[in-house]
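The values are calculated or read from the model by the stated rules, or taken from the named source; none is laboratory data. Predicted, not measured: the structure shown is a model, and the values here were computed from it. We place every Cβ from the backbone using ideal geometry, glycine too, and count neighbours over all the protein chains shown.
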């Protein structure tokens, strides 16, 4: 028992005291109703990454794919990228219907269980392409992302 208590104490000390923040944080979603309308006016999707503060795969997707996408001349004028924090119980948010909620409640309503999930939305929360679930293979992730953006763009053009 004493050995277990020592091990448990060591694990507690090894864990960070609070959420870890990194330079790869994207703008947090504030008003999805408005943000999806802005994205649609540019002819592209609202891209939402569902993330958690303690998710190293989420950090990798944001750092390696979504942040570069936001500065890529081919896409930066066509997409709006926002982050929804699955663990954001106290982060206020306006949902796609213009109703108040939180980041955590939206993630639950969208049935996000594991993160990262990168989803593609049109006005009023219409899903434009299948979400990218998980980090997948890094060598192909950019292709998955670009294919979903192109599919979303085509879907926006349909009445």
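Specify which of the listed residues (128, 145) is over 14 Å from residue 29 (Cα atoms), in contact with a helix residue (DSSP H, G or I) (Cβ under 7 Å, 6 or more places away or on another chain) and not in a strand (DSSP E or B). Walk me through it before giving the result.
On the way: 128 fails: not in a strand (DSSP E or B).
Testing whether each residue is over 14 Å from residue 29 (Cα atoms), in contact with a helix residue (DSSP H, G or I) (Cβ under 7 Å, 6 or more places away or on another chain) and not in a strand (DSSP E or B) leaves just 145.
Give segment 50-72 a look and list any residue that's loosely packed, with under 15 Cβ neighbours inside 10 Å and not in a helix (DSSP H, G or I), or say none.
54, 72
How about segment 95-106: which of its residues are out of contact with any helix residue (DSSP H, G or I) (no Cβ under 7 Å at 6 or more places or on another chain) and surrounded by 17 or more Cβ atoms within 10 Å (Cβ to Cβ)?
If the condition is that a residue be out of contact with any helix residue (DSSP H, G or I) (no Cβ under 7 Å at 6 or more places or on another chain) and surrounded by 17 or more Cβ atoms within 10 Å (Cβ to Cβ), then 101, 102, 103, 104, 106 are the ones that fit.
Considering each of 40, 92, 29, 109 in turn, give the residue that is modelled with pLDDT of 90 or more, closer than 30 Å to residue 154 by Cβ, in contact with a strand residue (DSSP E or B) (Cβ under 9 Å, 6 or more places away or on another chain) and exposed (fewer than 13 other Cβ atoms within 10 Å of the Cβ).
Just one listed residue meets the conditions, 109.
Which pairs turn up if I take residues in segment 72-90 that are over 17 Å from residue 26 (Cβ atoms) and look for partners that are at pLDDT 95 or above and surrounded by 18 or more Cβ atoms within 10 Å (Cβ to Cβ) with beta carbon separation below 9 Å, at least 6 apart in sequence or on another chain?
Close Cβ pairs satisfying both conditions: 89/103; 89/104; 90/103; 90/104.
Please go through segment 76-89 and give me each residue that is out of contact with any helix residue (DSSP H, G or I) (no Cβ under 7 Å at 6 or more places or on another chain) and either exposed (fewer than 12 other Cβ atoms within 10 Å of the Cβ) or over 25 Å from residue 145 (Cβ atoms) (or both), ordered by number.
77
In segment 134-151, what residues are closer than 23 Å to residue 113 by Cβ and in contact with a strand residue (DSSP E or B) (Cβ under 9 Å, 6 or more places away or on another chain)?
Correct list: 134, 141, 144, 145, 148.
Mind checking which residues of segment 76-89 are part of a loop (DSSP other than H, G, I, E, B) and touching a strand residue (DSSP E or B) at 6+ places or on another chain (Cβ under 9 Å)?
Going through segment 76-89, the residues part of a loop (DSSP other than H, G, I, E, B) turn out to be 76-79, 86-89.
Correct list: 79, 86, 87, 88, 89.
Considering 130, 139, which residue is exposed (fewer than 14 other Cβ atoms within 10 Å of the Cβ) and farther than 18 Å from residue 49 by Cβ?
That would be 139, the only listed residue that is exposed (fewer than 14 other Cβ atoms within 10 Å of the Cβ) and farther than 18 Å from residue 49 by Cβ.
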